[in-house]
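Heads up: the structure comes next, in structure tokens.
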Amino acid sequence: MLDRNSAGNNEHLPDYIAKCLNADELLKLTRDVLSIESHRDAPGHETPVATYIRDVLRAEGIEADLKEVSDGRCNIIAVLPGTSGGGSLMFNGHTDTVPPGEMQHPFDPRVVGGKLFARGACDMKAGVAAQFYALIALKRAGVRLAGDLIFAGVVGEEDGTSIGSLDVIANGPAADMVVVAEPSDLEVIVAHKGFDYYRIEVEGIPTHSSCPSRGVSAVYKAAKIITAIEEKLVPLTDMRPHPLLGSASLNVSAVIGYARNEATTALRRAPGDKPPGAVVPDTCAIYLDRRRIPGETSEGIMADFEGLLDELRAADPKLDAKVYFTPGSVDLPSHPPLDTDPTHALVQECLRLAAREAGIMPEPKGVPFWSDAALFNAMAGKPAIVFGPGHIGVAHSNNEFVPVHELIKAARVNTALALSLLG
Ligand SMILES: [Zn+2]
């Protein structure tokens, strides 16, 4: 049973709305959503859980429809239409999870010590339930909001494509403000880093390894480049730290060098196996992961890499290297940062209500992880925040859970936020 003390009380919301927020019912809905597998190996991927949510909302008389995004994978879009075309608010949450891994009872949600354990508990089906339950509470209370309140349960966040949110941005429904339910410990997140991938391809001249001076080793040239990256580009990432996020970062994530005419034999072997053939390597790729803070652009970062290579080439005419932007996925080549104005009413109201309902310090926060909120902010130009129950540190783990009291508090804040911004 639910601990009603830790679930807070209803004194802050108007009574006629508060009585429509039933903690036991929300917990049951959340367990139902968690019981439906929606990871990449599950039949139908996200569509069965989207269908369940649609049916729950329709039973309440709420407009709710599936929207196919790709190959049978569907977003669930629901709307409480506003009466006067005022500003609109979207609750957005991804309905996919990572696969169960080694988790025990991943789809048989259990409450132990006030924590609800299941795959997707904090990332982010509790957040999703706390969002769509706000629509249910407002509908049951007969509240007529001025602006539209939208719920978008989207596909494809965990696979890195974000195709669900990209479809919403491209095809609607549009909203003036967006709340994404990634686990934030009920803190209000206004900023996170973006990230991009690059690779530098280095060319050498192959020759017999008994007389390497006749050729050019792409691996030695790559080593020079890597040293220069560490000495000249990495310090640049510390130049202008963001107040909420600290410094940008640059990581050499892999280096792969070999002789092309040995590739078929040498690269198939595991390290420690037989040595590759007697050839000076003529190709080497350096893979780079660049986390960027608000204000930095992919183009500016590319220019830094090109400037460094120009400098190295001027000092070493035998250095032959080119840098390439390397898309993260076809659908989402670049992952922008989130940078919402902390003074915006969306932020200020969510802070005020989260402080009131959940006792957080009313300070906007930055987080290290990425979310779809950045897409609504950077691509659609809308203020977007991350606000949800649970802690990111247990997401994707075999110990994934969400504190039940945070689930309830999230639903209360979401309901109060919609009422405040759209009422
Ligand atoms: Zn997530």
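The values are calculated or read from the model by the stated rules, or taken from the named source; none is laboratory data. These numbers come from a predicted model, not from an experiment. Methodologically, a virtual Cβ is constructed for each residue, glycine included, from the backbone with ideal geometry; neighbour enumeration extends over all protein chains shown.
Before moving on, here are some points about what is shown:
- Meets criteria (within 23 Å of F369 (Cα to Cα), aliphatic (A, V, I, L, M) and out of contact with any Phe, Trp or Tyr (no Cβ under 7 Å at 6 or more places or on another chain)) for A59: no
- Filtered residues of the range 113-135 (kept if more than 15 Å from the ligand (Cβ to nearest atom) and either in contact (Cβ under 8 Å) with a residue 60 or more places away in the chain or among the hydroxyl-bearing types (S, T, Y) (or both)): G114, K115, L116, F117, F132, Y133, A134, L135
- Residue match in the range 45-58 (condition: assigned to a loop (DSSP other than H, G, I, E, B), modelled with pLDDT of 95 or more and either among the β-branched types (V, I, T) or closer than 22 Å to L145 by Cβ (or both)): no
- Candidates I293, I286, I256 - the one that is modelled with pLDDT of 75 or more, closer than 30 Å to V190 by Cβ and of a type in the set (A, V, I, L, M): I293
- In the range 227-246, residue farthest from Y287 (Cα to Cα) [restricted to those that are modelled with pLDDT under 95 and of a type in the set (A, V, I, L, M)]: M239
- Pick from the range 184-198, criterion assigned to a strand (DSSP E or B) and either within 22 Å of A354 (Cα to Cα) or under 15 Å from the mean Cα position of the chain (by Cα) (or both), ranking: farthest from the ligand (Cβ to nearest atom): D196
- Residue within the range 141-158 that is under 14 Å from the mean Cα position of the chain (by Cα), among the aliphatic types (A, V, I, L, M), modelled with pLDDT of 95 or more and within 14 Å of the ligand (Cβ to nearest atom) present: yes
- Test: residue in the range 80-88 that is touching a Ser or Thr at 6+ places or on another chain (Cβ under 6 Å) and on the phi > 0 side of the Ramachandran plot: no
- Picking from residues in the range 296-328 that are of a type in the set (G, A, S) and not in a helix (DSSP H, G or I), the one that is farthest from the chain's Cα centre (by Cα) is A321.
- Leading residue by the ranking (surrounded by the most Cβ atoms within 10 Å (Cβ to Cβ)) among those in the range 381-418 that are in contact with a Leu (Cβ under 6 Å, 6 or more places away or on another chain) and of a type in the set (G, A, S): A411
- Just one residue in the set H105, H94 is within 16 Å of the ligand (Cβ to nearest atom) and out of contact with any Lys or Arg (no Cβ under 8 Å at 6 or more places or on another chain); that residue is H94.
- The conditions of being within 16 Å of the ligand (Cβ to nearest atom), under 22 Å from the mean Cα position of the chain (by Cα) and basic (K, R) are met by R40.
- Matching entry among L338, L407 (being of a type outside the set (V, I, T), within 15 Å of the ligand (Cβ to nearest atom) and modelled with pLDDT of 95 or more): L338
- Of all residues making up the range 110-162, the number that are surrounded by fewer than 24 Cβ atoms within 10 Å (Cβ to Cβ) and part of a loop (DSSP other than H, G, I, E, B): 12
- Number of residues in the range 169-183 that are more than 12 Å from the ligand (Cβ to nearest atom), in a loop (DSSP other than H, G, I, E, B) and touching a helix residue (DSSP H, G or I) at 6+ places or on another chain (Cβ under 9 Å): the value is 3.
- Among residues of the range 97-108 that are over 19 Å from V128 (Cβ atoms), those with a beta-carbon under 6 Å from a residue that is at pLDDT 95 or above and exposed (fewer than 14 other Cβ atoms within 10 Å of the Cβ) at least six positions away or on a different chain give the pairs G101/N398; E102/N398.
- If you go through the range 347-370 and pick out every residue that is assigned to a loop (DSSP other than H, G, I, E, B) and within 19 Å of P336 (Cβ to Cβ), you end up with 4.
- Yes/no for E201 being in a strand (DSSP E or B) and out of contact with any Gly (no Cβ under 9 Å at 6 or more places or on another chain): yes
- Every test in (1) away from the ligand (no atom under 16 Å from the Cβ); (2) assigned to a helix (DSSP H, G or I); (3) more than 22 Å from T415 (Cα to Cα) is passed by L166 save one, and that test is (1).
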